[in-house]
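The block underneath contains the structure these notes are about, expressed in structure tokens.
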Amino acid sequence: MGKFIEDFKAFALKGNVIDMAVGVIVGGAFGKIVSSLVNDIIMPVITLCTGGTGFENMKFVIRHGIPATEEGQAAVEEVAVHYGTFIQNIVDFFIIAFSIFVAIRVTVKFQQKWKKDEEAAPAPEPEPAPTKEEVLLGEIRDLLKQQNTELEAKK
């Protein structure tokens with residue numbers, strides 16, 4: 001049982017699982033935004049264009065429903081092919097697919113721009129070679145250190 005828990009911790013704490021969880025949460029929120037776009041903005045316009053009836057109300061009735069009577073006859077439910085709901089789902093699919101396409105395309109463009117900016121950043125310039133004076137002063141310093149060391153060694 002201990003090995004199982006250790007394996008689960010290793011799995012759950014990997015970056016991919018956490019990234020996937022964040023993706024699911026953001027995807028759910030994105031789905032709500034797209035659903036609102038479809039239901040609250042696009043479909044009312046389409047409903048106006050189709051004569052005041054939305055797609056979901058379009059149907060082909062095979063058998064009309066009959067309400068229950070007072071004499072005890074049971075109600076008969078309507079049998080219909082709801083092709084409007086199917087059309088609505090197709091429209092939803094294309095709008096969601098287009099929205100995801102746009103979101104991914106914008107994200108990729110930002111990533112490419114960011115990568116290009118990182119690559120275009122100038123590399124740090126190497127330190128310039130020491131001048132003749134700097135080399136000469138370095139040699140003088142080294143000679144003075146050597147002389148000091150020799151003097152201290154003689155004491």
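The values are calculated or read from the model by the stated rules, or taken from the named source; none is laboratory data. A quick note: this is a predicted structure, and the numbers were derived from the prediction, not measured. All Cβ positions, even for glycine, are placed from backbone atoms using ideal geometry, and neighbour counts span all protein chains on display. Surface accessibility is based on the protein's heavy atoms, side chains included, excluding ligands, DNA and RNA. Shrake-Rupley method; radii C 1.70, N 1.55, O 1.52, S 1.80 Å.
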Subject >> GNM top mover of Gly31, Gly72, Gly84 - the chain, alpha-carbon springs below 10 Å >> reply: Gly72
**OP:** Would you indicate which of [x] -0.85, -1.27; [y] -0.49, -1.42; [z] -0.46, -1.22 is the value of log10 I(q)/I(0) by the Debye sum over Cα atoms at q = 0.11, 0.21 Å⁻¹ derived from the coordinates of this structure?
**Re:** [x]
Original post:
So how many Lys-Lys pairs in the chain land under 24 Å Cα to Cα, not counting same-chain pairs under 8 apart?
Top reply: 4
Original post:
Given the protein chains as shown and a 1.4 Å probe, how many square angstrom of Asp142 are accessible, to the nearest 10?
Top reply: 80
Original post:
Accessible area per residue, 1.4 Å probe, Å², for the chain: what's the number?
Top reply: 88
**OP:** Pop out the carbon and sulfur fraction of the accessible area of segment 38-134 as a percent, whole number, probe 1.4 Å.
**Re:** 65
Subject >> Candidates Leu136, Leu48, Leu13: whichever shows maximal mean-square fluctuation once the chain is modelled as a Gaussian network with Cα springs under 10 Å >> reply: Leu136
Subject >> Length gained when the stretch Thr149-Tyr83 is fully extended (0.36 nm per residue, less Cα-Cα span) >> reply: 13.8 nm
Original post:
Once every DSSP H run of n ≥ 4 in the chain is given -39500 (n - 2.57) and the sum is divided by its residues, what mean residue ellipticity at 222 nm do you get, rounded to the nearest 500 deg cm²/dmol?
Top reply: -22500 deg cm²/dmol
**OP:** Select from Met20, Met58, Met43 the residue whose mean-square fluctuation is largest in a Gaussian network model of the chain (Cα-Cα springs shorter than 10 Å).
**Re:** Met20
**OP:** Go ahead and collect, in residue order, the members of segment 18-41 whose backbone nitrogen is under 18 Å from a label point 7 Å along the Cα-Cβ direction of Phe98.
**Re:** 31-41
**OP:** Identify the GluC sites (Glu not before Pro) of segment 50-154 meeting these criteria: DSSP loop state and at most 16 other C-beta atoms within 10 Å of the C-beta.
**Re:** Glu70, Glu71, Glu77, Glu78
Original post:
Over its Cα atoms, what ratio of radius of gyration to 2.2 N^0.38 Å does segment 8-89 give?
Top reply: 1.91
Original post:
Dividing the alpha-carbon Rg of segment 108-155 by 2.2 N^0.38 Å yields what?
Top reply: 2.52
